[in-house]
Structure formats: C-alpha cells, structure tokens
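The values are calculated or read from the model by the stated rules, or taken from the named source; none is laboratory data. Owing to the predicted nature of the structure, the values given are computational and were not obtained by experimental measurement. Glycine also receives a Cβ, built like all others from the backbone with ideal geometry; neighbour counts cover every protein chain displayed. When the accessible area is computed, the model is the full protein with side chains, heavy atoms only, and any ligands, DNA or RNA have been set aside. Shrake-Rupley method; radii C 1.70, N 1.55, O 1.52, S 1.80 Å.
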Amino acid sequence: MKHHAKGAFDVKLQPLEAYNKNADAGLGRMSIDKQFHGELEATSQGEMLYAGSAKGSGGYVAVERVTGTLDGKRGGFSLQHNATMTDGAPYLNIIVVPGSGTEELTGLDGTMKIVIAEGGKHYYEFDYELAQQP
C-alpha cells in the first residue's frame, strides 16, 4: 500500500576537502546533516559531490543515511540524490536505495521531493511503500 509523509526539515551543509582541487574543474564536496520533523522524525548524515561552472546551472549527487521513525516505524534507510539546475530550472530525483531499509523499515521503497519555501524553509514530501513483513 502506498503512503505519503510530509513535514519540515533543517539542513546543515559544510564544505569538505575535495579530491580534485583544480579551481577550473568547478567541483566540490560537502557534508549533509539533516533533522526531519513530522511524519518522518529522523536525523541523517551524508555526502554531496557537486559541479557547476555557470551561474544558475550545475548539478549534484548525494547519498545520505536516515535513522529514526517513519509513521511510527523505527529503522533506517539510505536516500540517493541526482539533481541538476539548467539556467535556473531545477530537476531533482531522490530515491530510497533499494535494500537499504532496516528494522521495521526493511523493504522500504519510495521517492522524496524537496520543497524550499520563500525565505528558505525546507519541506519534504515522501511517497513510499513498505514490503509486507512475514
């Protein structure tokens, strides 16, 4: 059965040492720390790799590990991000990494949307399914 969870989250990004230090490459790396509120009460930690060379254009990939409760079910799972910005037009794809769910979230499958409101407040919308437990 499909479920929908939503709420706000706080995010903190910190620069990390990049592997490719060539300034012309336009590459960078950041740590991700999040605190989710609402139907997903959890924390996450992850890493982002990004590239960008033009104002309003670029892309990033990231993986984060989420731990907490989803609609009262305890466990953890990983999210994989793939995002681009082309002349200010965003594309964002966030999926649950297959097989990454643990404890009561074993078999979790889903996609997440991020909405950034005016003023910078972050919200998530999470469409998911849980595998039937034996």
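Label 7 Å along Cα→Cβ of residue 95; the stretch 46-64 residues with amide nitrogen under 16 Å? Once the point is set 7 Å along Cα→Cβ of residue 95, 61-64 turn out to lie under 16 Å by backbone N, inside the stretch 46-64. Modelled spin-label separation between residue 19 and residue 35, with each label point placed 7 Å from Cα along the Cα-to-Cβ direction: 3.3 nm. Annotation for the stretch 57-103 versus the stretch 1-35: alpha-carbon center distance of 10 Å.
List the GluC sites (Glu not before Pro) within the stretch 13-50 that fall in a DSSP loop (any state other than H, G, I, E or B) and whose Cβ has at most 14 other Cβ atoms within 10 Å. In loop regions of the stretch 13-50 (DSSP not H, G, I, E or B), the sparsely surrounded GluC sites (Glu not before Pro) are 17.
The translational diffusion coefficient of the chain, from Stokes-Einstein at 4 °C and 1.567 mPa s with a Kirkwood hydrodynamic radius over alpha carbon pairs, comes to 82 µm²/s. For the chain, averaging the sequence separation of C-alpha pairs within contact (under 8 Å, six or more residues apart) and dividing by the residue count gives a relative contact order of 21 percent. Over the stretch 80-134, the Kirkwood radius and the radius of gyration, each from Cα atoms, give a ratio Rg/Rh of 1.10.
Could you tell me the calculated FRET efficiency between residue 55 and residue 127, based on Cβ-Cβ distance and R0 = 41 angstrom, to the nearest 0.05? That pair, residue 55 with residue 127, gives E of 0.80.
Surface analysis of the chain yields an accessible area of 61 Å² per residue, using protein heavy atoms and a 1.4 Å probe.
Taking a threshold of 18 Å on the Cα-Cα distance, which of the pairs 73/113; 21/55; 34/121 fall above it? Too far apart for the 18 Å limit: 73/113; 21/55. All C-alpha to C-alpha distances of the stretch 11-59, sorted into 5 Å bins beginning at zero, yield P(r) values of 5, 18, 22, 19, 14, 11, 7, 3, 1 percent in whole numbers. Surface composition of the chain: carbon and sulfur make up 54 percent of the accessible area, probe 1.4 Å.
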